[in-house]
1. Look at residue C:54 and say whether it is in contact with a helix residue (DSSP H, G or I) (Cβ under 6 Å, 6 or more places away or on another chain) and either small (Gly, Ala, Ser) or farther than 21 Å from residue D:288 by Cα (or both).
2. Please go through segment A:133-168 and pick out each residue that is acidic (Asp, Glu), assigned to a loop (DSSP other than H, G, I, E, B) and surrounded by fewer than 24 Cβ atoms within 10 Å (Cβ to Cβ).
3. Taking residue C:58, is it open to solvent by 10 Å² or more (accessible area, probe 1.4 Å), farther than 21 Å from residue C:132 by Cβ and among the aliphatic types (A, V, I, L, M)?
4. Mind checking whether some residue in segment D:102-116 is surrounded by fewer than 24 Cβ atoms within 10 Å (Cβ to Cβ), in contact with a Lys or Arg (Cβ under 7 Å, 6 or more places away or on another chain) and not in a loop (DSSP other than H, G, I, E, B)?
5. Looking at residue D:122, is it more than 30 Å from residue A:31 (Cβ to Cβ), surrounded by fewer than 24 Cβ atoms within 10 Å (Cβ to Cβ), within 18 Å of the chain's Cα centre (by Cα) and not β-branched (Val, Ile, Thr)?
6. Among the numbered criteria (1) more than 7 Å from chain A (Cβ to nearest Cβ); (2) assigned to a helix (DSSP H, G or I), which single criterion is violated by residue D:68?
7. Of all residues in segment B:193-210 being over 17 Å from residue B:309 (Cα atoms) and more than 9 Å from chain D (Cβ to nearest Cβ), which is most open to solvent (accessible area, probe 1.4 Å)?
8. Before we move on, is residue D:223 more than 14 Å from chain B (Cβ to nearest Cβ), among the small types (Gly, Ala, Ser) and within 30 Å of residue D:17 (Cβ to Cβ)?
Protein chains: 4
Amino acid sequence: VLNAITDVPDVRVGHFTRRDGSEPGSDGSGPFNTGITVVLAHGGDLYTERVPAAVSVLNGSGEVAGREFVDEMGVLDAPIALTGSFNVARVVDALITDATRRRPELGHGERYVHPLVAECSDSYLSDLVARPLGEAETFAALESTRDGPVAEGAVGAGTGLISFGYKAGIGTASRLAPVAGETYTVGALVSTNTGRREQLLVRGVPVGRLLSPALAPDAPQGSIIMVVATDAPLLARQLRRLAQRAHLGLARTGATAWNGSGDFGVAFSTGNRYALDEPLHRLCELADGEISPLFDATVESVEEAILNALCAAGEFVGRAGASVAALPLADVQRLVLGTA
Amino acid sequence: VLNAITDVPDVRVGHFTRRDGSEPGSDGSGPFNTGITVVLAHGGDLYTERVPAAVSVLNGSGEVAGREFVDEMGVLDAPIALTGSFNVARVVDALITDATRRRPELGHGERYVHPLVAECSDSYLSDLVARPLGEAETFAALESTRDGPVAEGAVGAGTGLISFGYKAGIGTASRLAPVAGETYTVGALVSTNTGRREQLLVRGVPVGRLLSPALAPDAPQGSIIMVVATDAPLLARQLRRLAQRAHLGLARTGATAWNGSGDFGVAFSTGNRYALDEPLHRLCELADGEISPLFDATVESVEEAILNALCAAGEFVGRAGASVAALPLADVQRLVLGTA
Amino acid sequence: VLNAITDVPDVRVGHFTRRDGSEPGSDGSGPFNTGITVVLAHGGDLYTERVPAAVSVLNGSGEVAGREFVDEMGVLDAPIALTGSFNVARVVDALITDATRRRPELGHGERYVHPLVAECSDSYLSDLVARPLGEAETFAALESTRDGPVAEGAVGAGTGLISFGYKAGIGTASRLAPVAGETYTVGALVSTNTGRREQLLVRGVPVGRLLSPALAPDAPQGSIIMVVATDAPLLARQLRRLAQRAHLGLARTGATAWNGSGDFGVAFSTGNRYALDEPLHRLCELADGEISPLFDATVESVEEAILNALCAAGEFVGRAGASVAALPLADVQRLVLGTA
Amino acid sequence: VLNAITDVPDVRVGHFTRRDGSEPGSDGSGPFNTGITVVLAHGGDLYTERVPAAVSVLNGSGEVAGREFVDEMGVLDAPIALTGSFNVARVVDALITDATRRRPELGHGERYVHPLVAECSDSYLSDLVARPLGEAETFAALESTRDGPVAEGAVGAGTGLISFGYKAGIGTASRLAPVAGETYTVGALVSTNTGRREQLLVRGVPVGRLLSPALAPDAPQGSIIMVVATDAPLLARQLRRLAQRAHLGLARTGATAWNGSGDFGVAFSTGNRYALDEPLHRLCELADGEISPLFDATVESVEEAILNALCAAGEFVGRAGASVAALPLADVQRLVLGTA
């Protein structure tokens, strides 16, 4: 057990990271402290072996490209990717290039593909406007996907992100849930840019208010994308229920989904597959009466994934010399555990 | 084939009709020209053999009691009932009485029941305020449920309804849909109170404008409830798709879902059953790629069900002597078929 | 400042409480430990001076009668009432009686009324099936509405409720929010039946796990209704945003909205009025860019209202001698404050 | 009056059209028969003078980039653009480039921009995979925006579209609606790729079945985007109501929103403006009780816009020599008017 979304069998994660620090490029653009994180529901052909999925909206001042298809059809037919705000379109475009190369029938007849691409803004530490991530970077992120341990903190889509005034980024966690005689896994991966310092709760302790002011008082608040995976045999209606519980995990960290945030849950199950061109799907649906332990596991995984992102990210100096402190772990430990 | 929602195997329909004409009762209340129409997904125990279901909203200025449960759980656990607007609560209450008598465990532990009760207003022809329908009337409607032919026009919940300025009420129709090597049935039953006279289209012919003005110029517009049943193996997500196509069938009759209407679709499938207390459900889901013929069948069934309601209802004199004409069928036939 | 929803000017609250204890009635029904809580947006004519409102759904295994109208029209045209699950229909019916007596034009022409009635189940402590609350009880609750202090705990709709294994019921709280040069009030009132003991967090401390097991190990989990009021000039779209933040307040108490719950937010603003029959409404809408302090205030008010419900309710013995302990306040204080 | 969406004061439309016919390019890609259509709510700064807006979903097997922001905030802060399916990302990207050049503060602090870009597939007549539309083409479409007459048929995003087996594309229409002593305008612009030949209804006459088979029997069905503008003072909640009525206009043409379609309504009002950075917006909202004539105008405008797209488009030969006939207008006229 890795305490990662990849504890859900078949799930793969990859990152492309661009980390320039504080120096712009010779053409005046940059610096770029940004990246792409890719989550694959499995290692096979995502287009022909679709998995059930759902998206939830806590606050919609953001973008989840490809959401319409998931809402209507209840499946994923492509990778999930996370990136910096204005880069969504370029990553979608690159994923279409990749998909149409792999599957030449896409874009003909009634065959399409719908990459699910969501974003947080890294504009405080990175040049958001110049959009440095295109095909090469997206392909690199795809190439890097694998099971096993997941890098956290200032990597991939998390490279330039901040939460609660401290450096954050990618975080992940997982839980085992005993359900109806089986044990299922729920894993979460977040790309977190959420929260003001004074909101931060760690296991309920208002450490944000107790810590000395962070170094980035003018850093804007941002968004969070919460990806939840499970091997429990759920379908889209139920995965929407899980995605909504991701919001509750967020709440436990003290964030309140401020006005300008794009806070979304994405949930998928590897426990059912929809084979393309099969006229009738035979599916298993865990009874809703058994589902509550998966709700608990979702809430806990998301809460911990956010805290893990904060714990894994170090101090960072980015665009225009903007500096963001790391969460002072020793101080947090002292405040939470009450140890001297 | 009966051209009725009961062409879908297992589906049952019953009516309770109260028809007082124009005379109030001795206590000053009434007259009552109203009723209850019940649709059962099957003749067994609805609570323990649940069927997938969904509700759609075209215009929400109305009420569908029990919708929250269907939205969240994707199943029906009780009868569907239609009635006059202010009577919804009394019919819900009576259905709870009935359910708790039949299943004494309901109302204990985690066992509840959620009757799905929707309404149209019959206030032009009936005393809406006095709410004459309670347990006896609801039980009578339940008792009368059966498969086979369905009475249409001024019966049950349709007793006091008007559409397009003409007397309307309950209508039903069905279609066969060839899908993936099978033939499935789609049936619709509507309780229709929708439309102004000048909107009415019959097979596209603007008969509403061409007919001489109806006799009830001050009759208010109302709502429509469109119940769609199928034996195709669908689940809730797909049934919501069917329910939304019911709106398109309505549109073909010329109605535009005016501001004050409560226009809802309700769709269920008898092709999957959820056995209560089963921890894991094994389900069949027709591939979405095969579903379009069911969409066509829904649109056509709903359109025809509305017209059937108009064709079946005769002239009616109700509350305060209010008179509503029947659709002049010979004139409509002449206008639509172009025959002299 | 009362730390209550009535801190929002114009808002009124009333309770009807029926508390029989453990003895059934001579006819074998009962005992009844249940009630009705009414929230009025203002003390005037709710039907003709409507206020903007919205409902949010965290988990829909419950019922909010009247929700369709609020969703579509964005206003309340009637009281909000909370009660025990199977009593919703009878309270709706009584509120229709009351409204049609006060406003004889309702139920005629295009004039209707849509009471918003939500529920939690009090079946562990009260006879849910027999539904003892009708017109007299509803009218008494309406009569009792007033501004000023709000009784909390085992009163009104909260009489028979349990949360986190301890006796709960009605709770309320409020916050002041500085916004754009003004100070607005946000108040919450909850009817809480949510959570298992081991989930309870008080200011983040897992007191539920640390306390000795509660006395009602077989008490089922339940639902929560979270009513949020504000005098900030918001409209329905924004009030839906507030209602969704109520979910985040719930999350902070440790609840995860289990499968069988009906967890809903209801938010309204007294800062705009819709005069009936006015053809054009002149409205003020706080800029969304200014709204975040109201989100924070909502989250905090709801969290505290839930805790207040627990703090205010004492030990309770109900149906079949079922006993529910009060939250042991001294122990909680010790655990949360770390004092000996 | 032009019978166009530009009859709504301030609204502007522009097209970029690429029409290669049947010849691929020297590099093997193409031919491209595709384009971009831009709709601007007004000619000022869309980012700082936002208009209320809403999106509706009839069938979601498509994409509307930017929808999350409109759903949450109820406003447009950018142009609306329509294009071929796989080109959505490139058009979004170009619109971000344009916006950030015009408004250098975008992409900094809390300033973003959310172009609303929707699509239909032109893969039958155009090379969808190669995505030929980038910044130059998007800027050309923006440059071409103007009030006054709107080109219809095989232009802009409509260049390669087909409806009901006949060549289609862009269509527009408008209606005047008398409301509460004022006369407001409702205009629709559609990009239509919807329907099978045998479904087509023209004023209710099943001309699709009566006409001889079309020349493109294997042309796939597609999607439709229905943009509705009005100068009536509505807000987002009400505009969603209008957007949903666009579905009813579609239904009158015989289309049933088949499984694979991305059928969306987009509605905006020029009758209210949200000035950025204003802390409190003073708005006018037409009473919902007055709104029904706008519903009728929406249904009629959308129905006619679809038919206008069919009437304006001529025979077309595209990719791989695929030929699509024009709707045979004389035959249709004969069938509909019954003239010899």
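1. On the way: in contact with a helix residue (DSSP H, G or I) (Cβ under 6 Å, 6 or more places away or on another chain): yes; either small (Gly, Ala, Ser) or farther than 21 Å from residue D:288 by Cα (or both): yes.
It is true that residue C:54 is in contact with a helix residue (DSSP H, G or I) (Cβ under 6 Å, 6 or more places away or on another chain) and either small (Gly, Ala, Ser) or farther than 21 Å from residue D:288 by Cα (or both).
2. Restricting attention to segment A:133-168, the residues satisfying the condition of being acidic (Asp, Glu) are A:135, A:137, A:143, A:147, A:152.
Subset that is assigned to a loop (DSSP other than H, G, I, E, B): A:147, A:152.
Selection gives A:147 alone.
3. Details: open to solvent by 10 Å² or more (accessible area, probe 1.4 Å): no; farther than 21 Å from residue C:132 by Cβ: yes; among the aliphatic types (A, V, I, L, M): yes.
Answer is no for this residue.
4. Restricting attention to segment D:102-116, the residues satisfying the condition of being surrounded by fewer than 24 Cβ atoms within 10 Å (Cβ to Cβ) are D:102-111, D:113.
If we keep only those that are in contact with a Lys or Arg (Cβ under 7 Å, 6 or more places away or on another chain) too, we end up with D:105.
Filter once more, so that each one left must be not in a loop (DSSP other than H, G, I, E, B): none.
No - not one qualifying residue is present in segment D:102-116.
5. Details: more than 30 Å from residue A:31 (Cβ to Cβ): yes; surrounded by fewer than 24 Cβ atoms within 10 Å (Cβ to Cβ): no; within 18 Å of the chain's Cα centre (by Cα): yes; not β-branched (Val, Ile, Thr): yes.
No: the conditions fail for residue D:122.
6. (1)
7. Per the stated criteria, the residue is B:209.
8. Numbers: more than 14 Å from chain B (Cβ to nearest Cβ): no; among the small types (Gly, Ala, Ser): yes; within 30 Å of residue D:17 (Cβ to Cβ): yes.
The answer is no for residue D:223.
The values are calculated or read from the model by the stated rules, or taken from the named source; none is laboratory data. Predicted model only: the values in this text are computed from it and were never measured. Glycine also receives a Cβ, built like all others from the backbone with ideal geometry; neighbour counts cover every protein chain displayed. Heads up: the accessible areas ignore ligands, DNA and RNA and are worked out on the full protein's heavy atoms, side chains in. Shrake-Rupley method; radii C 1.70, N 1.55, O 1.52, S 1.80 Å.
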